[in-house]
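Taking it in order: structure first as structure tokens, then the write-up.
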Amino acid sequence: MNILFLSETFPDAAHPTMGTYNLALCGALARQHSVKVISPRSWIDVVRGRRAPAGPAIEAQGLDVLYPTRWYTPFFAHAHYGGQMWWSMQSAVKTLCRHWKPDAILSYWAHPDGECGLRASQYFGVPCAVIVGGSDVLLLPRNPVRNACIRRVLSESDAIITVSDGLREACTQLGAPHERVHTIRQGINPEVFHPGNQSEARSRLGLHLNSGEKLAVWVGRLVDVKQVDVLIRACRILWDQGQPVRFCLLGDGPSRSQWEQLAETEGVADLVQFMGPVGHDRLADWYRAADLTVLCSKSEGLPNVLREAVACGTPFVSTDVGSIREIAEPQYAELVAVNNPRAFAHGICTVLNGTHAAAAKQFVPRTWAETACDTVDLFDELIASRSSQRKQPLSLEPSSPSH
């Protein structure tokens, strides 16, 4: 099967940690099928010199990826974002598909990426499926203009793929036909994410903890919705209770400086360490080195970092948001209330003093090969259903970027 994947959320050499789950899925699909990727890059990044080639991680997967410049109007005209993105990638579509025609279109993120998936589906006359990520159906619909765009994508796509049952329900509430919404859970790479020796992992990372000190790892983008301030205040509470926990935050983002300042104000700057972005292939050692993984967001879909952590034998503490409850088995996980540093600190103590770590080491993860297989099975069904009434291809005529 020939599969064309469309999404801005995909890594390159300059952004190796962005959308690694999409790279993993495309890599798994490419082992049995022909997969090509178009991942637009903001014109703002291009102007600032942040454009980069695919990079070794993508080359290792053998994927053919194009990064066209995405021309759009920042902060306004949201209704046109889908049209602007599609206009921006038309040349790439022609180049990539000159001697290759997709049998199916797969996109990630409901809008604007999902709208591009719809337009590609119409152009090639093949079925399309859109993977929703979480905030695109949980937060973006609060904007009335984006709400209308997202509803249109969900109602017109041949299939909607969600990573959890909770997101499936969110999609149906936005008008997606129930029979078109399919839960296909993400996987992990068991060759990378598996239990190992904690001391050896800490040695490889150059970590040296003080006597009695525990290690917690947080992974993500430093943005307001992640509520790292809760983690910082919980760290202070734990210190006051005589339980020192060092928090290593792996990631970067616009909220970093304000949270670094808060750690200074709370007197725990030496315990809350901002490590910057870490390559996806290096995360496994961080999980193995940690006593637990933590997440304190006020909104999430179903973050795969928690599965990866447990696959490495590390329990987790998380706020009870999104669909996290679907994977939070009490043997190796604790869920706590949102925006409650004291509850967060209590959850950490419960895991550190319990048998959660031993239980996590028994976890058997789902693999990306299984996710890819389920995705192809869905496309087989969609292609078969079109066999009698296949949509006619549309002309790919250049149009104004504002339409």
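Any read-out appearing in this document is the output of simple, stated calculations on the displayed coordinates, not a laboratory observation. Note that this is a predicted model, so its numbers are computed, not measured. Here Cβ is always computed from backbone atoms with ideal geometry, including for glycine, and neighbour counts include all displayed protein chains.
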_Can you compute the modelled spin-label distance between PHE75 and ASP380, with each label point 7 Å from Cα toward Cβ, in nm?_
5.0 nm
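Can you show me the helix-derived [θ] at 222 nm for the chain, built from DSSP H runs with n ≥ 4 at -39,500 (n - 2.57) apiece and divided by the number of residues, rounded to the nearest 500.
Working: 16 runs with 159 residues, N = 403.
The helix-only estimate for the chain comes to -11500 deg cm²/dmol at 222 nm.
Do any chymotrypsin sites (Phe, Trp or Tyr not before Pro) in region 88-188 lie in a DSSP loop with no more than 12 other beta carbon atoms within 10 Å, and if so, which? If you can, show how the numbers build up before the last one.
Numbers: sites: TRP100, TYR108, TRP109, TYR123, PHE124; in loops: TRP100, TRP109.
Loop-located and lightly packed - TRP100.
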*Near-label residues of region 194-231 by backbone N, under 19 Å of a point 7 Å along Cα→Cβ of THR265*: 222-231
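So for region 243-388, what are the equivalent ellipsoid semi-axes in whole Å, largest first, each being the square root of 5 times an eigenvalue of the Cα gyration tensor?
The answer is 33, 19, 15 Å, longest axis first.
Mind running the shape call on region 1-108? Use the C-alpha gyration tensor, a ≥ b ≥ c as the square roots of the eigenvalues: rounded below 1.5 for a/c, prolate if a/b tops b/c, oblate otherwise.
Values: a/c = 1.90, a/b = 1.33, b/c = 1.43.
Here region 1-108 falls in the oblate category.
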*asked:* Using 5 Å bins from zero, what percent of all Cα-Cα pairs in region 94-178 falls into each bin?
replied: 3, 16, 28, 24, 14, 8, 5, 2, 0
*Taking PHE5, PHE274 and counting other C-beta atoms within 10 Å, the order from fewest to most*: PHE274, PHE5
*For region 216-241 versus region 138-191, the gap between their alpha-carbon centres in whole angstrom*: 29 Å
_Linear extension gain, HIS178 paired with GLN362, 0.36 nm per residue minus alpha-carbon span_ = 62.8 nm
*May I ask for the angle, rounded to the nearest 10°, between helix 81-96 and the longest principal axis of the chain, with both axes built from Cα atoms and the value confined to 0 to 90°?*
70 degrees
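Test of understanding: ordering LYS36, LYS101, LYS214 by Cβ neighbours within 10 Å, fewest first, what list do you get? Don't jump to the answer; show the numbers that get you there.
Numbers: LYS36 21, LYS101 12, LYS214 18.
Ascending Cβ contact count within 10 Å gives the list LYS101, LYS214, LYS36.
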_Using alpha-carbon coordinates, inclination of helix 144-156 to the longest axis of the chain, degrees_ = 60 degrees
*Here are several values of semi-axes √(5λ) of the Cα gyration tensor in Å: (i) 45, 25, 20; (ii) 38, 22, 20; (iii) 74, 28, 26. Which one was derived from the coordinates shown?*
(ii)
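Say R0 is 25 Å: what FRET efficiency, to the nearest 0.05, do ARG31 and ARG282 get from their beta-carbon distance?
Working: r = 23 Å, r/R0 = 0.93.
With a Förster radius of 25 Å, E is 0.60.
Enumerate lysine pairs in the chain that are 8 or more residues apart or on different chains, then count those whose Cα atoms are under 21 Å apart. Before the final figure, lay out the partial values.
Numbers: LYS36/LYS94; LYS36/LYS101; LYS94/LYS391; LYS101/LYS391; LYS214/LYS361; LYS226/LYS298.
Count of close lysine pairs: 6.
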*If you line up the long axis of helix 341-352 against the longest principal axis of the chain, both from Cα atoms, how many degrees apart are they, to the nearest 10?*
80 degrees
*asked:* Run the simple label-point estimate for ASN143 and ASP64 please: 7 Å along Cα→C-beta, distance reported in nm.
replied: 3.4 nm
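With the cut-off at 1.5 for a/c, could you classify region 103-247 from its C-alpha gyration tensor as rounded, prolate or oblate? Please report the intermediate quantities before stating the final value.
On the way: a/c = 3.38, a/b = 2.06, b/c = 1.64.
Taking the square roots of the gyration eigenvalues as a ≥ b ≥ c, region 103-247 is prolate.
What length, rounded to one decimal in nm, is gained on full extension from ALA52 through to ASN2, with 0.36 nm per residue of separation minus their alpha-carbon distance?
On the way: separation 50, 0.36 × 50 = 18.00 nm, distance 2.59 nm.
Full extension from ALA52 to ASN2 adds 15.4 nm.
Starting from the Cα-Cα distance between GLN241 and ARG342, subtract it from 0.36 nm times their residue separation and give me the gain in nm to one decimal.
35.2 nm
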